[in-house]
Amino acid sequence: MLRELDPAATSYPFELWREEGILRLLLTRHARIGPPEAKELVRLIAALDPATSAPILLELGELVQVGPVAKELLSRLHGEPRRAVALLALDTSDRLQGEFFRRFHKPAFPFRVFVDPGEAHRWLTTWARSPGLRVV
């Protein structure tokens with residue numbers, strides 16, 4: 001489920017693809033996400049899924065940095081309440097960042113932090129089948 005990218009092989013700070021009704025977003029190793037990258041993410045997500053019903057599984061590579069302005073943009077610009085986002089946080093640092101984002105930025109969309117890939121996938125699959133569901 002997790003993918004490891006070689007930073008020398010790509011200059012892109014993220015990868016985005018559709019897999020079994022779920023959008024998979026990988027912020028690549030050493031990525032720095034600022035306002036321009038955040039806006040591009042929102043644009044690409046809308047282009048890949050214009051119906052705004054596919055949930056997103058977000059994975060962080062090592063040493064990813066998402067700036068405070070980018071976090072604020074993502075929490076508001078993404079704002080489609082039908083699109084759930086699950087952060088797969090496999091280490092303590094990622095879990096802390098995810099919980100801080102959820103509590104401080106209060107995203108306008110359902111957002112949960114998971115340590116178990118299977119649990120995250122089950123939660124997102126529920127959203128993929130019932131995009132109007134409002135369970136957080």
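Coordinate-derived values only; no laboratory data. Here the structure is a predicted model, which is why all the values come from computation and not from measurement. As a convention, Cβ positions derive from the backbone with ideal geometry for all residues, glycine included, and neighbour counts pool all protein chains shown.
Computed quantities for the displayed model
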{"read-out": "Under-5 Å amide H pairs with Glu62, H placed in peptide plane, nonlocal only", "value": "Arg29, His30"}
{"read-out": "Hull shadow area, averaged, the range 14-129 [alpha-carbon convex hull, nm²]", "value": "6.1"}
{"read-out": "3J(HN,Hα) from dihedral phi, the range 12-28, Karplus parametrisation 6.51/-1.76/1.60, rounded to Hz, x for glycine, proline", "value": "7, x, 7, 10, 9, 8, 9, 8, 6, x, 10, 7, 9, 10, 10, 7, 6"}
{"read-out": "Amide H contacts of Val85 (H built 1.01 Å from N, under 5 Å, at least 5 apart or other chain)", "value": "Ile56, Phe111, Arg112"}
{"read-out": "Packing-based exposure ordering (other Cβ within 10 Å, fewest first) of His105, His121, His30", "value": "His30, His105, His121"}
{"read-out": "Proxy reagent accessibility, fewest Cβ within 10 Å first, across Trp127, Trp17", "value": "Trp17, Trp127"}
{"read-out": "Long-range amide H partners of Ser53 with built H, under 5 Å", "value": "none"}
{"read-out": "Percentage relative contact order, the range 14-129, counting C-alpha pairs under 8 Å, at least six apart", "value": "27"}
